[in-house]
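**Student:** To start, I am sharing the structure in question, which I have written as structure tokens.
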Amino acid sequence: MADQDQNPQNHIDRFNEVSLAAAQQRMRDDALDQGLELAGLNGSRRSRFGVSDSGNSTNGKEKSDRERIRRTLEWLLLNDSDYARLHRDAITAVQRAAETARDVLRQIETELAAIHGILADIMESAAQLPDGTKVFRDENGLVRYANGDIVHDELAEMIAWRGDEPTYEYARRIFDREAALDDALHDGRVIEVEIGGYRDELTNNEDPPSKERIPVILDRIDSIVDRTANILPHKDQVQASGEQVEFQQELTDDISVPIVKIGN
């Protein structure tokens with residue numbers, strides 16, 4: 001054992017190991033200090049040798065700055081491969097969810113524009129009272145206002161019917177479709193806001209989500225995608241002048257919500 005300890009090669013090998021470890025530590029410290037300098041914090045390489053920019057010894061604030069930089073998103077992405085992978089999956093999921101929401105909103109807005117055109121035609125073609133109020137006759141022969149209230153017989157007798165007016169049932173279905181699309185539009189915009197909130201959380205450099213928080217975000221984005229797929233109102237059929245009319249078939253037949261896969 002004594003001979004081994006006195007072997008010069010052993011001392012050289014030990015010296016090389018210590019030197020390599022010290023060099024690696026200096027590289028890590030330099031990388032951290034560079035981040036501090038770029039962030040405008042008082043943590044230059046001079047601080048490690050006991051001299052700050054003001055000539056004072058390294059203080060607690062510099063240690064706090066060093067710890068803070070280790071908690072930034074940029075540092076985590078560069079130094080924690082597991083965190084970087086989770087974060088990348090979450091960012092991808094948020095981007096795909098946002099694209100899905102935009103696609104659905106665009107489809108809703110397109111159909112709403114068409115529905116508004118149909119409503120304009122309905123109101124133009126509807127029967128009217130002497131004061132110009134639009135009214136509709138239902139399948140039982142009752143005359144109704146657009147809101148469903150029945151028109152008094154005395155007023156109904158003043159209507160000059162042409163015979164090709166839209167029925168109350170047809171008009172009601174169009175009104176209901178418009179209301180359903182308005183609700184879907186509102187829900188889609190709420191979803192966009194929620195997605196934006198998670199995007200902001202994931203890109204907050206000073207206060208990024210923890211490694212434990214990111215899977216929670218992924219689950220919530222998955223739930224948002226499911227909600228997005230279900231906000232489109234179902235198709236319906238309406239009665240118009242004795243004929244079945246799928247008034248929104250041409251508008252919604254091609255509507256589909258992409259399936260978004262979360263993570264790998």
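**Student:** Determine if region 162-182 includes at least one residue that is acidic (D, E), under 30 Å from E74 (Cα atoms) and either touching a Phe, Trp or Tyr at 6+ places or on another chain (Cβ under 6 Å) or surrounded by fewer than 14 Cβ atoms within 10 Å (Cβ to Cβ) (or both). I'd like the intermediate steps shown before the answer.
**Tutor:** Step one: filter region 162-182 for residues acidic (D, E), giving 164-165, 169, 176, 178, 182.
Subset that is under 30 Å from E74 (Cα atoms): none.
No, region 162-182 has no match at all.
**Student:** Let me ask something additional. Looking at I118, I91, I108, which is the one that is in a helix (DSSP H, G or I) and under 20 Å from D164 (Cα atoms)? Explain how you work it out, then say what you get.
**Tutor:** On the way: I91 fails: under 20 Å from D164 (Cα atoms); I108 fails: under 20 Å from D164 (Cα atoms).
One residue alone meets the criteria, I118.
**Student:** In region 129-151, is there at least one residue being modelled with pLDDT of 95 or more, in a strand (DSSP E or B) and more than 16 Å from I174 (Cβ to Cβ)?
**Tutor:** Within region 129-151, one or more residues are modelled with pLDDT of 95 or more, in a strand (DSSP E or B) and more than 16 Å from I174 (Cβ to Cβ).
**Student:** Determine, yes or no, whether G196 is in a helix (DSSP H, G or I), at pLDDT 90 or above and touching a Leu at 6+ places or on another chain (Cβ under 7 Å).
**Tutor:** On the way: in a helix (DSSP H, G or I): yes; at pLDDT 90 or above: yes; touching a Leu at 6+ places or on another chain (Cβ under 7 Å): no.
So G196 fails the test.
**Student:** Turning to a different aspect of this structure: Please indicate, with yes or no, whether at least one residue in region 33-53 is buried (at least 17 other Cβ atoms within 10 Å of the Cβ), in a helix (DSSP H, G or I) and either of a type in the set (K, R) or at pLDDT 95 or above (or both).
**Tutor:** No, every residue in region 33-53 fails to be buried (at least 17 other Cβ atoms within 10 Å of the Cβ), in a helix (DSSP H, G or I) and either of a type in the set (K, R) or at pLDDT 95 or above (or both).
**Student:** Which residues, counting only those in region 207-218, are out of contact with any Phe, Trp or Tyr (no Cβ under 7 Å at 6 or more places or on another chain) and either closer than 14 Å to I195 by Cβ or surrounded by 19 or more Cβ atoms within 10 Å (Cβ to Cβ) (or both)?
**Tutor:** Just the residues of region 207-218 that are out of contact with any Phe, Trp or Tyr (no Cβ under 7 Å at 6 or more places or on another chain), to begin with: 207-210, 212-216, 218.
Hits for region 207-218 are P208, P209, I214, L218.
The values are calculated or read from the model by the stated rules, or taken from the named source; none is laboratory data. Model, not experiment: these values are computed from the prediction. Every residue, glycine among them, receives a Cβ derived from its backbone with ideal geometry; neighbour counts consider all protein chains shown.
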